[in-house]
Every structure is written in structure tokens, then in C-alpha cells.
Amino acid sequence: MSGQASPDPPPDGPTEEDLLARAAAQGIHRLAIPTPFMVGRVNAYLIEDSPLTLVDSGPNSGKALDELEQALAARGHAIEDIELLVITHQHIDHFGLASILARRSGAEVAALEGLVPYLGHFREAAELDDRFAEQMMLLHGIPADVVTALRAVSASFRAWGAAVEVTRPLRDGEELRLRDRTLRVLHRPGHSPSDTVLYDDRSEIGQHSIMLAADHLIKHISSNPLIARPLDAAPDFTGPRSQALVDYIASLERTRAMELSLVLPGHGEPIDDHVALIDKRLRLHERRAKKIHSLIAAEPRTAHEIAVELWGNIAVTQAYLTLSEVLGHVDLLLADHSVIERKSNGVVRFHTA
Ligand SMILES: [Zn+2]
């Protein structure tokens, strides 16, 4: 085309549509499914291969099921056609619909082997998670009324999840062979203990190497490294708490070292420069650890007091997220011995060493 001057400046780089088209050219299609959560839509990915594969399901709701059916239909498929469903991690916005999809389609359900008991007994596991979270919140200075309110919120969200039987347990490093590709399964804990990414390396045949990253790496938000019960914890587990941010940083560094042309995340847009984004996240965590260190140096504080200093008045629903965020950074400071923790009257305060 010529003769028509465009009023728009040339774009900096590929648009979201360009990147989705790159994935689609390799048979991977984003299906953005609605959720009732603050995060907004969750990305499931349809891999048109044999077996016909869906990565994540969306939450257990009629609206999610309806939109998923429409998105599949737009590509000429029905739920009954799904042959393999891969679950990326233990959060209900990603797997809630899995049992319904598996029942209707007869699909194999694949997930990290350590996650199998959790998914198979979701209600009990979620209850144990809540009990653990409650202990952590009280230990780290969140007021009891906020803890009670948050437990009620969490219980009310539980119906968006549902237990699902995993028929194909996956191991870290294993290959999932489809007709036209081999997906390498990589465990990348941090955001949750079970984060699993899939690596579709086509570079040898001149195509893109793509990572389906779920919540391990998201472009528009920094993934919360949530303090969680370890997958193999006993029911009465009380600690020591998981080192979610320490694990997360190690996982990010492993992903950073990979050659990737495209990362397809669990929320939002595709990422075409994972190294720059990971470097940005690593700098953020470094800055935040420094800031938290300076707050602790000014006076000994609980993790919740630090969160209030950083973010002001915290909504009830955000109390555990912000606590996790602070504890993650405190773990970095504990690891380099620049802070210590002291417990008195059942509450932990952090001091400079
Ligand atoms: Zn998640």
C-alpha cells in the first residue's frame, strides 16, 4: 500500500495480536476465560495437536464453562474433543473447571506428581491451606478480626475450585509427547509450590521456542510469591514457612537462562522479551528488600506492620498477599543475616542483626 500517510507513529515492537498470531501459527491458541477474581481473565491455551490439548481450564463457573465452549467452538472444537488437560498449578482460577471438562471429554488430566493428592482432595487441602494461613497471619501481626474475615472470604471462593483426579502425573524435566511437538515439563515453584511450565522448543526447525508459563511470569503484574503449605506437608504442618520468594527468584533465574522467543502467561499479554522482564522483576525485589530493611532498621516491626508502612490501609482481601510479599523479602534478609526474628507473646517481630 502506498499514498496514505499513517497518523500513528510506528509501533515499538510487535503488538499483542502479533504475538498471539505467532503462537497460533504453531497451533497454540489463547482462550481468555472469565473469573470472579481481581486478576480478571485467566488464559487457558488450546494446543491443536494430537492429543488435542488444553492447558488450564478456568474456574468452576457456568460463565467460564460457557465462554470456554464458545472459544473452542470458534476453532471448530467441542469440550468433548479435548483429549489431554494439563493443569499448571494449584490455584482455582486455573483448574476449577477441570473435573467437569474431564468428565465430559474423558480427557487425560496431567499435573505435577506432587500436586496429585492436593487436586484429588481439593476441599480438604484448601481447608488445611486456610488453617495454615490463619496461623501465619496471627504469628505475623495481622489482627484477629481481619484473619476471621479473610477466612470467610476464602471459604466463599472455594466453590470456584473442585477436586479433580489426575490420571497422568508429571515429573520435573519429563517430556510430554504430542504428534507435532514435545513439551518439556519444568517445575518452577515460587508463585505457588506447584507452578509448572511447558516448554515447546521449535528452534531447531526454524520456529519459535515457546514457554507456557502460567503465573510464573506475567507481563502487567509481578506474580505474588504466596507463602504456602509445602505440597508434601503433614495435615498439622505449622512451619517453618515456605521460602516462596527465595524459590521464586531461583525459578526466575532458571527461566532467564533459557532461549525463549515467546512466553505465554496465565494472565494478560504474551511476553517477547522474558530476560528484560525478569531483570525488571529481580530489580523490584532487590529494591523492596532494601526498603524493608530500612523500615526494620528504624524500629523492630511485625511483617504486617511493615506491609501497612509500605501500602497503607490494606483491604482485608489483600492482607495475606501483602503479608506474603513482606515475608518473602524478609526471608532474603534473614538469609543474608541482615535481620533476625524474635517472637514474644505469640507474635514475631523482625530486628536488624
Ligand atoms: Zn496462580
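Out of HIS293, HIS304, HIS267, I need the residue that is out of contact with any strand residue (DSSP E or B) (no Cβ under 8 Å at 6 or more places or on another chain) and either farther than 18 Å from HIS89 by Cβ or within 16 Å of the ligand (Cβ to nearest atom) (or both). Which one?
Exactly one of HIS293, HIS304, HIS267 is out of contact with any strand residue (DSSP E or B) (no Cβ under 8 Å at 6 or more places or on another chain) and either farther than 18 Å from HIS89 by Cβ or within 16 Å of the ligand (Cβ to nearest atom) (or both), namely HIS304.
Inside region 170-179, can you point out the residues that are open to solvent by 50 Å² or more (accessible area, probe 1.4 Å) and in contact with a strand residue (DSSP E or B) (Cβ under 6 Å, 6 or more places away or on another chain)?
Correct list: ASP172, GLU175.
Filter region 224-262 down to the residues that are small (Gly, Ala, Ser) and in a loop (DSSP other than H, G, I, E, B), then identify the one that is surrounded by the most Cβ atoms within 10 Å (Cβ to Cβ).
Going through region 224-262, the residues small (Gly, Ala, Ser) turn out to be 228, 233-234, 239, 242, 244, 250-251, 257, 261.
Then drop every residue that is not in a loop (DSSP other than H, G, I, E, B), which leaves 228, 233-234, 239, 242, 257, 261.
Values: ALA228: 21, ALA233: 16, ALA234: 9, GLY239: 12, SER242: 25, ALA257: 9, SER261: 17.
It comes out as SER242.
Of everything in region 291-311, what is in contact with a Leu (Cβ under 9 Å, 6 or more places away or on another chain) and under 27 Å from ILE218 (Cβ atoms)? Give them in sequence order.
LYS291, ILE292, HIS293, LEU295, ALA303, HIS304, ILE306, ALA307, GLU309, LEU310
Quick one: count up the residues across region 51-75 that are more than 13 Å from the ligand (Cβ to nearest atom), of a type in the set (D, E, K, R) and touching a residue at least 40 places away in the same chain (Cβ under 8 Å).
1
Which residue, of LEU115, LEU119, LEU128, is of a type outside the set (S, T, N, Q), within 21 Å of LEU231 (Cα to Cα), out of contact with any Ser or Thr (no Cβ under 7 Å at 6 or more places or on another chain) and within 16 Å of the ligand (Cβ to nearest atom)?
Working: LEU115 fails: out of contact with any Ser or Thr (no Cβ under 7 Å at 6 or more places or on another chain); LEU128 fails: within 16 Å of the ligand (Cβ to nearest atom).
Only one candidate passes the filter, namely LEU119.
Step by step: first the residues of region 295-336, then only those that are part of a loop (DSSP other than H, G, I, E, B) and without any contact (Cβ under 8 Å) to a residue 12 or more places away in the chain, then the one that is nearest to TYR248 (Cα to Cα). Which residue is that?
Filtering region 295-336 for residues that are part of a loop (DSSP other than H, G, I, E, B) and without any contact (Cβ under 8 Å) to a residue 12 or more places away in the chain, the one nearest to TYR248 (Cα to Cα) comes out as ASP336.
LEU138 versus (1) within 15 Å of the ligand (Cβ to nearest atom); (2) not in a loop (DSSP other than H, G, I, E, B): which is the lone unmet condition?
Condition (1) is where LEU138 drops out.
Looking at THR196, THR167, THR182, can you tell me which residue is of a type in the set (S, T, N, Q), open to solvent by 10 Å² or more (accessible area, probe 1.4 Å) and either closer than 25 Å to ASP93 by Cβ or in contact with a helix residue (DSSP H, G or I) (Cβ under 6 Å, 6 or more places away or on another chain) (or both)? Break it down into steps so the answer makes sense when it comes.
Working: THR196 fails: open to solvent by 10 Å² or more (accessible area, probe 1.4 Å); THR182 fails: either closer than 25 Å to ASP93 by Cβ or in contact with a helix residue (DSSP H, G or I) (Cβ under 6 Å, 6 or more places away or on another chain) (or both).
Going through THR196, THR167, THR182 in turn, just one is of a type in the set (S, T, N, Q), open to solvent by 10 Å² or more (accessible area, probe 1.4 Å) and either closer than 25 Å to ASP93 by Cβ or in contact with a helix residue (DSSP H, G or I) (Cβ under 6 Å, 6 or more places away or on another chain) (or both): THR167.
From the list ILE221, ILE205, which residue is more than 16 Å from the ligand (Cβ to nearest atom) and either open to solvent by 10 Å² or more (accessible area, probe 1.4 Å) or not acidic (Asp, Glu) (or both)? Step through it out loud before you land on a result.
Working: ILE221 fails: more than 16 Å from the ligand (Cβ to nearest atom).
So the residue among ILE221, ILE205 that is more than 16 Å from the ligand (Cβ to nearest atom) and either open to solvent by 10 Å² or more (accessible area, probe 1.4 Å) or not acidic (Asp, Glu) (or both) is ILE205.
Taking region 43-69, which residues are in contact with a Pro (Cβ under 7 Å, 6 or more places away or on another chain) and under 16 Å from ALA213 (Cβ atoms)?
ASN43, the sole residue that qualifies.
Show the residue pairs that are 6+ apart or on different chains and have beta-carbon atoms under 7 Å apart, the first residue being within region 76-98 and within 15 Å of the ligand (Cβ to nearest atom), the second being among the hydroxyl-bearing types (Ser, Thr, Tyr) and assigned to a helix (DSSP H, G or I).
Partner pairs satisfying both residue conditions: GLN90/TYR118.
Exactly one of these conditions fails for LEU72: (1) among the aliphatic types (A, V, I, L, M); (2) within 30 Å of ALA234 (Cβ to Cβ); (3) crowded, with 21+ Cβ neighbours inside 10 Å. Give me its number.
(2)
The values are calculated or read from the model by the stated rules, or taken from the named source; none is laboratory data. Keep in mind the model is a prediction, meaning the values are calculated, not measured. Reconstructed Cβ throughout: ideal geometry from the backbone, glycine too, with neighbour counts over all protein chains shown. Only protein heavy atoms, including side chains, enter the accessible area calculation; ligands, DNA and RNA are left aside. Shrake-Rupley method; radii C 1.70, N 1.55, O 1.52, S 1.80 Å.
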